[in-house]
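The values are calculated or read from the model by the stated rules, or taken from the named source; none is laboratory data. As the structure is a computational prediction, the values presented were derived from the model and not from experiment. Cβ coordinates were reconstructed from backbone atoms using ideal geometry, including for glycine residues, and neighbour counts include every protein chain displayed.
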There are 2 protein chains.
Amino acid sequence: MRSTGQVVGKGIVETAFEFDHVGERVPGILWRPDGSSGPTPMVLLGHGGTQHKRTPGVLSLARRLARHLDYASVAIDAPGHGDRREGPEERVAPAEMRRRVAAMTPEQAAAAATRNAGAAGEWAATLDAIERTDGVHGPFGYWGVSMGTGIGLPFVSSEPRVTAAVFGLAGVGNRAGSERLAEAAQKVAIPVLFLFQWDDELIAREHGLALYDAFGSAEKTMHINPGGHIEMPAFERDAVEAFFARHLRRPAG
Amino acid sequence: MRSTGQVVGKGIVETAFEFDHVGERVPGILWRPDGSSGPTPMVLLGHGGTQHKRTPGVLSLARRLARHLDYASVAIDAPGHGDRREGPEERVAPAEMRRRVAAMTPEQAAAAATRNAGAAGEWAATLDAIERTDGVHGPFGYWGVSMGTGIGLPFVSSEPRVTAAVFGLAGVGNRAGSERLAEAAQKVAIPVLFLFQWDDELIAREHGLALYDAFGSAEKTMHINPGGHIEMPAFERDAVEAFFARHLRRPAG
């Protein structure tokens, strides 16, 4: 894990890093409250499709977790995103995204599910690297909605170091790759907060409810709000904070 | 509104009161942080079936609102409950309650809905009395699940002084009286937090989702947790507090 730059401001140390994994260079960012080192709770932040490791929603959550809870956070660029994308960045409106999702062939959907499953390995490698170089050994939480759930759910389902997770804006139904997500959910036994939008253009209500139902966790809470895929109310960030504050206990030392 | 007793302890003044309304004596309790008087946000607490104005869940919420948010609260005994019941108090297990609900005739269900609608008038009279005697003029919130929603939803839908409400453990479907609840929900335009149990023995999932869907509010959030009617997780009280803290702004003065 190589540090590629550091900025300190507003009480937070933000360190850019990269590491190599299965022939890929994976770039990421680590946020820590200024002055903290060694053991700390840490939340892994998985960005959504078309976004990147320092997209506004990720950056804002990392800063809140540092300022309000004194937690560290880490984000990495998903395959084909951020510094790993080919071609120019694009902003895709929900309607256009829905069109693309609807136009996906079963082969394309299965390929996306496979890519997400592969990306899960990059999160495990990120944890390995952080444990080696930063003296951080958990507890670890995971947060990621939409593609952040598509990648994060297979990862969390097979990663015992993560002990609480926020997912959302995802579902299981008749799409290819969906059985894999449902199977991953059934394997999850840690506390889960599942955020859902009642009028999501990309995910049918019954598919969101089916994913909530599939989680194997004894503690699993679903929050439903009106509005589309990108219209989650800002107050759900307070709920995310409260969820991690309840579950990620500060380690001794 | 007659005060019938007062106890002060642990930073809270608890005042018992009663007033007359349509030939009925309605007993209640008012909680205020010790040392506070005059303008304050206030939450109306509607207890569930077989419970009463000082049932543990109500008392605990009143104390939390006073200690954590410096808010006042008020509860009244619903018709046939607490000091207004005939015969001995009974504890009814969910399975037995389900049996009774299933055994209700359409006439009995309609009579219960009519009684709930009448009880809504007692809440309006409570607000009138408090505004006259306690110098409290809002903002007012309402909290009540199960029967507390059966009574509180018709009340809130026709009461402009209440500006935020928590409902739950209720649904609309094929039961008599259910259309009335759905119509009341459609008239509600204030922020709503709707708490639901995924394995509720008394309310089918689709009926709970239908009630959430029916609310006319632009801001409405549904929280779903696993477990039966009386198994709502304790952490939902934090969510209730956060909801009221967001919506009931402290009045000047």
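In region A:38-78, which residues are of a type in the set (Asp, Glu) and either outside any loop (DSSP other than H, G, I, E, B) or in contact with a His (Cβ under 6 Å, 6 or more places away or on another chain) (or both)?
Hit for region A:38-78 is A:Asp77, nothing else.
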Residues of region B:59-97 being of a type in the set (D, E, K, R) and surrounded by fewer than 16 Cβ atoms within 10 Å (Cβ to Cβ), in sequence order, are B:Arg67, B:Asp70, B:Asp83, B:Arg85, B:Glu86, B:Glu89, B:Glu90, B:Arg91, B:Glu96
Handout entry: Residue in region B:145-162 that is within 14 Å of chain A (Cβ to nearest Cβ) and modelled with pLDDT of 95 or more present
Key = no
The residue that is farthest from A:Leu69 (Cα to Cα), considering only those in region A:228-253 that are facing chain B (nearest Cβ under 9 Å) and in a loop (DSSP other than H, G, I, E, B), is A:Pro233
Screening A:Ala111, A:Ala164 for residues that are within 15 Å of the chain's Cα centre (by Cα) and of a type in the set (A, V, I, L, M, F, W, C) leaves only A:Ala164
Of the candidates A:Ala184, A:Ala210, A:Ala189, the one satisfying the condition of being in contact (Cβ under 8 Å) with a residue 12 or more places away in the chain and closer than 21 Å to B:Glu206 by Cβ is A:Ala210
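Would it be correct to say that B:Ile230 is of a type in the set (Val, Ile, Thr) and at pLDDT below 95?
Yes; evaluated as a whole, the condition is true for this residue.
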Residues of region B:80-101 being touching a His at 6+ places or on another chain (Cβ under 8 Å), in contact (Cβ under 8 Å) with a residue 40 or more places away in the chain and within 23 Å of B:Glu122 (Cβ to Cβ), in sequence order, are B:Gly82, B:Asp83
For B:Gly121, the lone unmet condition from (1) of a type in the set (Gly, Ala, Ser); (2) within 14 Å of chain A (Cβ to nearest Cβ); (3) within 28 Å of B:Met104 (Cβ to Cβ); (4) in contact (Cβ under 8 Å) with a residue 60 or more places away in the chain is (2)
Here the residues within region A:201-219 that are over 25 Å from A:Gly141 (Cα atoms), of a type in the set (Asp, Glu) and modelled with pLDDT of 95 or more are A:Glu206
When region B:175-225 is checked residue by residue, the ones that are hydrophobic (A, V, I, L, M, F, W, C), facing another protein chain (nearest Cβ under 10 Å) and outside any strand (DSSP E or B) are B:Trp198, B:Leu209, B:Phe215, B:Ala218
If we keep only residues of region B:137-161 that are part of a strand (DSSP E or B) and either of a type in the set (A, V, I, L, M, F, W, C) or surrounded by fewer than 24 Cβ atoms within 10 Å (Cβ to Cβ) (or both), then the residue nearest to the chain's Cα centre (by Cα) is B:Trp143
Selection from region A:234-250 of residues of a type outside the set (Phe, Trp, Tyr) and more than 18 Å from the chain's Cα centre (by Cα) yields A:Arg246, A:Arg249, A:Arg250
Restricting attention to region B:113-123, the residues that are exposed (fewer than 15 other Cβ atoms within 10 Å of the Cβ) and under 17 Å from B:Phe17 (Cβ atoms) number exactly 0
